[in-house]
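Note sheet for the following structure.
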Amino acid sequence: MDLLIRPVEPTEYDELGAITVQAYLQDNLLDFGDSDPYQHVLRDVAGRATSAEVLAALRDGRVLGGVTFVPSGGPMADIAGPGEAEIRMLAVSHAARGRGVGEALVRSCLDRARATPGCRSVVLSTQRTMHAAHRIYERLGFTRTPERDWNPVPELTEITLLTYQLTL
């Protein structure tokens, strides 16, 4: 069966939340490991779904990963301004990596952005070590915007998120 990208269903919230947390932990993306408070945000798919569009990737009815699409600077936006959509929390289970799941999720966000009235570009933040994700973004036409790089935890000066932008 082909890969299906669609809005996550409430019955899948827990599963997608667990996949997202595990992906971040296994890739050492949480600065405080198992005790990182950001785990709560990653796991809270239901909360994200109230103010953004959370998409799930499924094959044969099994959730493989997901992404949060924030249209035109919605309340979940970290860096998006007027006329910009934002992609957040892209995560694919380790077992499903290397099969085009992450790229399909990003492409689905780009399709949604193009269908959003007034949306002129898509932005995202990523960690320095997310090299596979960087390759996806660059392959799809995103370019680095170092002037927008930022730190989500100002008291830890060594944390800087890299930013990318794609003009639609």
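The values are calculated or read from the model by the stated rules, or taken from the named source; none is laboratory data. Computed from a prediction, not measured in an experiment: that's the story for all the values here. Because the Cβ atoms are built from the backbone with ideal geometry, glycine has one as well, and the counts that use them run over all protein chains shown. Side chains included, ligands, DNA and RNA excluded: accessible areas come from the protein's heavy atoms. Shrake-Rupley method; radii C 1.70, N 1.55, O 1.52, S 1.80 Å.
Give me the dipole magnitude in Debye, nearest 20, for the chain about the Cα centre, with unit charges on the beta carbon: positive for Lys and Arg, negative for Asp and Glu.
Details: 17 positive and 22 negative charges, 137 e Å.
The calculation lands at about 660 debye.
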*Just subtract the alpha-carbon distance of GLU155 and THR11 from 0.36 nm times their residue separation and send over the number in nm, one decimal.*
48.1 nm
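What number comes out for the charge environment of ASP149, summing +1 per Lys or Arg and -1 per Asp or Glu over other residues with Cβ under 14 Å away? Could the numbers behind the result be given before it?
Working: positive: ARG128, ARG144, ARG148; negative: ASP78, GLU147, GLU158.
My count for the surroundings of ASP149 gives 0.
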*Collect residues whose amide H, placed 1.01 Å from N in the peptide plane, falls under 5 Å from the amide H of VAL8; neighbours closer than 5 in sequence don't count.*
VAL54, LEU55, ALA56
*With θ set to phi - 60°, apply the Karplus curve 6.51 cos²θ - 1.76 cosθ + 1.60 along segment 2-13 and write out the HN-Hα couplings as whole Hz, x wherever there is a Gly or Pro.*
6, 6, 10, 10, 7, x, 5, 9, x, 5, 9, 3
_Förster-model FRET efficiency, 22 Å R0, LEU168 and THR50, C-beta, rounded to 0.05_ = 0.30
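Could you tell me whether segment 48-142 comes out rounded, prolate or oblate from its Cα gyration tensor? Rule is a ≥ b ≥ c as square roots of the eigenvalues, rounded for a/c under 1.5, then prolate if a/b exceeds b/c, otherwise oblate. Intermediate results must be reported in sequence, preceding the final value.
Details: a/c = 1.80, a/b = 1.42, b/c = 1.27.
Because a/c hits 1.5 or more and a/b exceeds b/c, segment 48-142 counts as prolate.
Want the number for ASP31 to LEU3: 0.36 nm per residue separation, take away the alpha-carbon distance, what's left?
On the way: separation 28, 0.36 × 28 = 10.08 nm, distance 3.19 nm.
Extra length from ASP31 to LEU3 when fully extended: 6.9 nm.
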*Residue by residue, what Karplus-based ³J(HN,Hα) values in Hz, rounded to whole numbers, does segment 62-69 have, using 6.51, -1.76 and 1.60 with θ = phi - 60° and x for Gly and Pro?*
9, 6, 10, x, x, 7, 10, 9
*asked:* As an exercise, use a Förster radius of 45 Å and the Cβ-Cβ distance of GLU147 and ARG59 to find the FRET efficiency, rounded to the nearest 0.05.
replied: 0.70
*For segment 120-134, in order, what is each residue's ³J(HN,Hα) by Karplus, 6.51 cos²θ - 1.76 cosθ + 1.60 with θ = phi - 60°, in whole Hz (x at glycine and Pro)?*
10, 7, 10, 10, 7, 10, 8, 7, 4, 8, 8, 5, 5, 5, 4
_Debye equation applied to the C-alpha atoms of segment 12-60, log10 I(q)/I(0) at 0.16, 0.21, 0.24, 0.27 Å⁻¹_ = -0.46, -0.73, -0.89, -1.02
_Suppose we keep just the alpha-carbon trace of segment 1-98; what are its Rg and Dmax in angstrom?_
13.4, 39
*Using every alpha carbon pair in the chain, what percent of pairs falls into each 5 Å bin from 0 up to the bin containing the largest distance?*
1, 9, 18, 23, 23, 17, 7, 2, 0, 0
*Nearest 5 is fine: what % of DSSP beta bridges in the chain come out antiparallel, could you say?*
85
*Leaving out ligands, DNA and RNA but keeping every protein chain, what accessible area does ILE19 have, in Å² rounded to the nearest 10, with a 1.4 Å probe?*
20
*Can you list which of the trypsin sites (Lys or Arg not before Pro) found in segment 7-111 are DSSP loop residues with at most 16 other C-beta atoms within 10 Å?*
ARG97, ARG99
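Kirkwood Rh over Cα pairs of segment 71-124 into Stokes-Einstein at 20 °C, 1.002 mPa s: D in µm²/s? Each step should come with its number before you reach the end.
Numbers: Rh = 11.8 Å.
This corresponds to a translational diffusion coefficient of 182 µm²/s.
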